[in-house]
Structure formats: structure tokens, C-alpha cells
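Shown next, in C-alpha cells, is the structure this report addresses.
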Amino acid sequence: MPLELAQQWKHTRRAFAMGVAMGVVLFLLPLMVLGVEEEVTVLPSQPTPVPSPSSTPAWEEGETLRVLQEDGTVEEMSLADYLWRVVAAEMPASFEQEALRAQAVCARTYSLWKMTAGSHAQEGADLCTDSGCCQAYIEPERAQENWGDQAQTYTEKIAGAVADTADQVLTYEGSPIQAVFFSSSTASTEDAAQVWGNSLSYLVPVSSPEGEEVPNYHSTVTMSAQQLRDTVLASYPEADLSGASSEWITQVSYNASGRVASLEVGGVSMSGGAARNLFGLRSSCFQVEQEGENFTFSVTGYGHGVGMSQYGANAMAKQGSDWREIVTHYYTGVSIETWNQG
């Protein structure tokens, strides 16, 4: 690592949060992951204020991370040990090694960005194991039980992915990025502005090569008219669903990535992402058809569509791309830099 870069990391970490607040008015995007071998997904959260200017990364206090456990206790561990648990929970260990390396870099980068917020300072922790707040997390023993006969192989694969990318983080204009990701995409990823209403230069649509090899790449959700009516009114009591059910869902528009940009339900306008959450769909890339008194949503892909597609990363790895090519493809204009705690 060049001396100038090491000094830059050392002297600008406290200024990082101020730079984010001034230059990127965006909220935290915690990761919600199912944590099973076959399915990986990331769900968006509600907007949360950016870190305050006085926040500082926890590692300025030393190399050991303090991780808030589900039972409220705080466990100390190295960053490498924490990242192993995250990668094991976030991505199938059967994926290509370069895809796992890309995931390790995303997890490290997101941890760096997340710790700046000081979300768990009152609990005496830096990060937590709640996927709805920080990142997905699984203990080695549980992961190895899930992997069965492949436990030793997968344990070593993930350890290698973390070690092989040690200290590597993704930055944009000198600051670590919000390295969000999701399970599987259509032919194009999504713009952050379409999902969360805020733009970031590195979270813009790019091509993604996965397809029919993805488990449940195409899925359907069928609801009766009464079920749909009850679901909508529970969240949108102002919706007018008194007329014919054939007129309930109207004005469906699509963006360039093929996902639903907006639609009206009972006269209430909502985004495709809001409709996805409302109706329990795997993504906002869907079409809806009515047959009799049933509505059927036909869905492609899984997740919010912003950032790195995990199945896309695996497809790129199978095509010969290394982790550097994968992450710089999915995060536009970013740099790969070496972070050093010294």
C-alpha cells in the first residue's frame, strides 16, 4: 500500500462521515438476507438519516470488532472472522470463488460504511448480527451443519475469499461506497433513484448476465380479488376498490430495466417497489393479469435490483471474470483501494 494512500485513510476517516452528509444525502440501506444456500436476497429498508458529522469508524479504537449478538451480548472478534460469518450467510458457498471474493469485498466495504453511523454505540458495539440493520450473519457451527459433507470445502472457500481480498474496499471519490447487493436480476440492474428516490453515481443500471439457471428465476403470486382488496385496504385505506375488480389496477408503467416504475391501485399511485412489498413479490419486475376473480403476478428475478447481482456475479465468474472485474462492473466508476488500520 503506498504511503500516501495509507496516510489518506488514517487522516480522512473522521472526515468521511461529513463528506457523506454533505455530498451524498442518502439513507442507510441495511441488508435483509434469507441466509439459506438456495436463496439469497436483499430487501430495502425505510429511509434513515445519514451518519452525523461527529461519527467515527469504530476501528480507530483498535483492530477488534464488537459485534452485538441476537441475545444482546457483545462478542469481540477480528474483522476477518466477522466477514467469514457474513459471507457465509450472504452468498451460497457453492458459488464460484471469484464471486465469493467479490462478496467479501462488498461485505468489507459495507461494514466500513455502516460503522461510520455509530448505530450501536449505546450498546457498546460496532455492528450487529441483525440482517435488517447491518448484514446477515451465521455462526460457523450452524453453517457447517447446513453444508453437511461439503462443510470443510465450503469453510475453506469462504476463508480464502476473505483472506484473498484482505484490506480491499470499494471507494468513490475517496470514500467507501454503500455496497448494496441483491440476489438475481433481469438483463439490467436498477438505478438507486428508482428504488429509494435518491441517486448515487455508482448505483446506476448495468447489464447482468444471469438467467434461467437461477432457482425460481420466474415466479408467480396469485391472489383472489377479495385477498387483494383486503391487502390493499390494510395499507391504503384511502384506495377506492368499490368498482369492478378489472378496474382496480391501472396505469402500470415500466422503466428501462423492465421493472415496474409505478402503477395505480384503487386510484392510489405507488412505486413498483411499494407494490412488490405490498403483494409479497420477489422483485418489482412483474406483470399482472386477471382471470375471473383471480389476479396473477408474474415475476422475474429476486431482490431490489440495485448494486451487485449475486447470481450475475456468479455468472460473470463462470465466464472468466475475476472479482475486480465483477465489482467494477456492478458499481460504476468506483476504485479498489487498500484499507489499513495502521
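Quick look at the values:
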item: Under-5 Å amide H pairs with VAL74, H placed in peptide plane, nonlocal only; result: GLN69
item: Size descriptor, Kirkwood hydrodynamic radius, that averages inverse alpha-carbon separations across the range 205-264, Å; result: 14.4
item: Relative contact order %, the range 182-341, counting alpha carbon pairs below 8 Å whose residues are six or more apart; result: 33
item: Charge context of GLN97, other residues only, Cβ under 12 angstrom, K/R +1, D/E -1; result: -2
item: Simple label model, 7 Å out from Cα along Cβ direction - GLU212 to ALA166, nm; result: 4.4
item: Segment GLU291-GLN319, extension gain: residue separation times 0.36 nm, minus the distance between their alpha carbons; result: 5.9 nm
item: Difference of contour (0.36 nm per residue) and Cα-Cα distance, SER219 to ASN198; result: 4.7 nm
item: Semi-axis lengths, Å, the range 64-175, gyration tensor of Cα atoms, sqrt of 5 times eigenvalues; result: 23, 18, 10
item: The range 278-342: Cα Rg divided by the 2.2 N^0.38 Å rule of thumb; result: 1.69
item: Amide hydrogen neighbours beyond the local backbone of SER262, cut-off 5 Å, H modeled; result: SER253, GLY272
item: Dimensionless Rg ratio for the range 229-342, taking C-alpha atoms and the 2.2 N^0.38 Å reference; result: 1.46
item: Pairwise label distance in nanometres, ALA244 with THR231, each label 7 Å out on the Cα-Cβ vector; result: 2.3
item: Table column - 3J(HN,Hα) (Hz), the range 158-167, Karplus curve with 6.51, -1.76, 1.60, x for Gly and Pro; result: 6, 4, x, 4, 6, 5, 5, 10, 3, 6
item: Geometric extent, Cα atoms of the range 134-289 - Rg, Dmax (angstrom); result: 20.4, 60
item: Table column - 3J(HN,Hα) (Hz), the range 216-228, Karplus curve with 6.51, -1.76, 1.60, x for Gly and Pro; result: 6, 4, 10, 9, 9, 10, 10, 10, 6, 4, 5, 4, 5
item: Additional length obtainable on full extension of the chain from ALA80 to THR332, 0.36 nm per residue less Cα span; result: 88.1 nm
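Bear in mind that the values in this text are calculations on the coordinates, not laboratory data. Remember, predicted model here, so these are calculated numbers, not experimental data. Reconstructed Cβ throughout: ideal geometry from the backbone, glycine too, with neighbour counts over all protein chains shown.
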